[in-house]
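One structure is given here, and the rest of the page talks about it.
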Amino acid sequence: MNYAKNMEKNMEKIRHSLSHLMAMAVLEKFPKAKLGIGPTIENGFYYDFALPAGALAEAGLPELEKRMRELIKQNLEFKKEKTSFAEAKKIFSASGGKNQSYKLELIKELQKSKKPLSIYNSGNFIDLCAGPHIKSTSEIDPDAFKLTKIAGAYWKGDEKNPMLTRIYGVAFESKNELSGYLKMMEQAEKCDHRNLSERLGLFMIDEEIGRGLPLWLPRGYKIRHKLEEYIYNLEEENGYPHVLTPILAKENLYKKSGHLAHYKEEMYNPIEIDEEKYYLKPMNCPHHHSIFKHTLRSYKDLPLRIAEFGQVYRYERSGVLTGLIRARGFTQNDAHIYTTEDGLSQEIINVFKMHKKVFDVFKIEGYWYRLSLPDFKNKEKFGDIKNKKVWEQGSKILKKSLEQTGYKFTEAIGEASFYGPKIDIQIKNIWGKEETIATIQVDYYSADKFNLYYIDKDGKEKPVVIIHRAIFGSFERFFAFLMEKTCGNLPLWLAPVQVKILAISDKQADYAKKILKEFLENGIEAEMAETNETLGKRIRESELQKIPYILVAGDKELQNNSASVRHHIKGQLGEIKIEELIEKIKRETKDKL
């Protein structure tokens, strides 16, 4: 374990050092370039530059790589020097010969924070940097790194600041590791839900409507509707009646819920209506609390479960918007459980069971649980918590519930929400990065704020404990995850078009129409391709559309009331009677295959 940690730390130094070498190569090519920052990231590094518009394209990256390899072979040292603020300003000023305005801005900020300054020298290159770095370039395998892409990035991530050119790179211990990573990235690019959507016609983003506001196209919405139908039925079966709440509410509701105090930056500016402020809802929770309060509840009414496909709106910076994964408008598969303290553990376990059932249906594997706990030393996030003992008790219940199930989990101190500890269900996406696909959160905040109580056996008022639960998270994010996981090869029951019927020629067109009618009458999603293209081209097009079943009808099939059947994954299945095929597809759809 120590060896692995040491290797990772060394790779961090190598990647950071490569970012400096990249800056050296860029400055040689563009002497007037302004340097931003050049940190390490997962598997690699980047550096931001102010360059003339259009000065560098991705086609120019191999040239920079070549120069970086030449620099590596020079066995350059990385020397750290402590410096004063005055000296640093002199070095990076125009009079000092560097004329690096962004570095001067960073120096001013560091001076305010009174943090110590250091610079690194490598050859004739000097950079403002805290390190750490390797001792010399002899520690870098020149064949184990690659510059991957160029992107725009606002200085300090602020849209009000200038747009800089960000060059990304990756680096590993060996050429083989790099090769494996690049192959994974190539496959991930093919399965990126945004690229799949372009090919399959699933959703779109229109700048005229707004970034981060997806428009669902017919085929994409058909898939989404099937997801909604599935989870709606599952939740109803498990005692979650569905409700529908407005997409905006008065300011006071979000003051009471804590969202304006903790999430204001993610909320849109208020709308003035009748001289009152209204906000687009960022979450469904306070609306559900209002439904709970509408009726006096006794212990016999608990647990009370409420579910909603709730449309919410959150402000996301332009730079982080990512198709359906990070959007500004999306629909949460949201639910809230109002229970007693004694009932909390069983409700958590019941939610685990629902998650497992869903993940089994969608064949989701390799996920794990993260127990996100409070860090009471963090006064900014958890400083106003008065009932710390209750939070600690809730954390113990969550941990015990996880231990009872035997599920693999990790603990993350400080990752709790502002209203309670939570369990995040984590998985690696196609890019190899960890992300949250679902959450279970315990709320010890809202009962007091909203006066949410029940009448116990002794006729006394007691505060409820609230569980926030999202199985799909949001439909948008789950849809994107599912498309990427399957690379668009959806199971039959989810496919927007289950069957494509191809007549060999116009002679069999009437027979193909007859087959189409039979399939549609049996509730099977089917389409028929026109005969104005060659059969081979129509088969290829159907394959590219990832349609599960392709039926070819010729004279022989017409005579036998059959079709030559090809499955998108399994290949040729041979000639099958139409009646048999209909039953086969209906059975597979019912069994969620």
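At-a-glance table
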{"quantity": "In region 148-164, residue nearest to Thr40 (Cα to Cα) [restricted to those that are over 24 Å from the mean Cα position of the chain (by Cα) and touching a residue at least 24 places away in the same chain (Cβ under 8 Å)]", "calculated": "Leu164"}
{"quantity": "Conditions (1) within 30 Å of Phe418 (Cα to Cα); (2) modelled with pLDDT under 95; (3) exposed (fewer than 12 other Cβ atoms within 10 Å of the Cβ): number failed by Glu207", "calculated": "(1)"}
{"quantity": "His355 of a type outside the set (A, V, I, L, M), buried (at least 19 other Cβ atoms within 10 Å of the Cβ), assigned by TED's automatic domain parsing to the domain that holds Leu452 and part of a helix (DSSP H, G or I)", "calculated": "yes"}
{"quantity": "Number of positions in region 307-327 that are in contact with a strand residue (DSSP E or B) (Cβ under 6 Å, 6 or more places away or on another chain) and either in a loop (DSSP other than H, G, I, E, B) or surrounded by 21 or more Cβ atoms within 10 Å (Cβ to Cβ) (or both)", "calculated": "4"}
{"quantity": "Conditions (1) farther than 22 Å from Leu51 by Cβ; (2) in contact (Cβ under 8 Å) with a residue 60 or more places away in the chain; (3) not in a helix (DSSP H, G or I): number failed by Ile72", "calculated": "(3)"}
{"quantity": "Within region 202-296, strands (runs of 3 or more DSSP E) holding 3 or more residues that are on the phi > 0 side of the Ramachandran plot", "calculated": "none"}
{"quantity": "Top-ranked residue of region 162-201 - restricted to ones that are small (Gly, Ala, Ser) and outside any helix (DSSP H, G or I), ranked as surrounded by the fewest Cβ atoms within 10 Å (Cβ to Cβ)", "calculated": "Ser174"}
{"quantity": "Only listed residue being among the acidic types (Asp, Glu), surrounded by 14 or more Cβ atoms within 10 Å (Cβ to Cβ) and within 35 Å of the chain's Cα centre (by Cα), chosen from Glu65, Glu42, Glu8", "calculated": "Glu65"}
{"quantity": "Candidates Lys363, Lys381 - the one that is more than 30 Å from Lys160 (Cα to Cα) and either surrounded by 15 or more Cβ atoms within 10 Å (Cβ to Cβ) or in the same structural domain as Ile467 (by TED's automatic domain parsing) (or both)", "calculated": "Lys363"}
{"quantity": "Residue match in region 143-161 (condition: in a helix (DSSP H, G or I), closer than 23 Å to Leu64 by Cβ and not assigned by TED's automatic domain parsing to the domain that holds Pro214)", "calculated": "yes"}
{"quantity": "Qualifying positions in region 22-59 - under 16 Å from Gly131 (Cα atoms) and polar (S, T, N, Q)", "calculated": "Thr40"}
{"quantity": "Qualifying residues in region 256-304 (those that are surrounded by fewer than 19 Cβ atoms within 10 Å (Cβ to Cβ) and of a type in the set (Lys, Arg)) - the one nearest to the chain's Cα centre (by Cα)", "calculated": "Lys264"}
{"quantity": "Residues that are among the aromatic types (Phe, Trp, Tyr), closer than 30 Å to Asn233 by Cα and out of contact with any strand residue (DSSP E or B) (no Cβ under 9 Å at 6 or more places or on another chain), drawn from region 346-393", "calculated": "Phe362"}
{"quantity": "Condition check for Leu106: farther than 12 Å from Met22 by Cα, assigned to a helix (DSSP H, G or I) and in the same structural domain as Asn176 (by TED's automatic domain parsing)", "calculated": "yes"}
{"quantity": "Long-range neighbours under 6 Å by Cβ, at least six apart or interchain, first residue farther than 30 Å from Trp391 by Cβ within region 356-377, second among the small types (Gly, Ala, Ser)", "calculated": "none"}
{"quantity": "Residue in region 27-40 that is within 28 Å of Ser179 (Cα to Cα), in a strand (DSSP E or B) and either out of contact with any strand residue (DSSP E or B) (no Cβ under 7 Å at 6 or more places or on another chain) or outside the structural domain of Trp155 (by TED's automatic domain parsing) (or both) present", "calculated": "yes"}
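Matching residues to (1) under 16 Å from Arg328 (Cβ atoms); (2) without any contact (Cβ under 8 Å) to a residue 60 or more places away in the chain; (3) among the acidic types (Asp, Glu):
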residue	(1), (2), (3)
Leu248	yes, yes, no
Tyr254	no, yes, no
Gly258	no, no, no
Pro270	no, yes, no
Glu275	no, yes, yes
His288	no, yes, no
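The values are calculated or read from the model by the stated rules, or taken from the named source; none is laboratory data. None of these values were measured; they are calculated from a predicted model. Note that we place each Cβ from the backbone using ideal geometry, even for glycine, and neighbour counts take in every protein chain shown.
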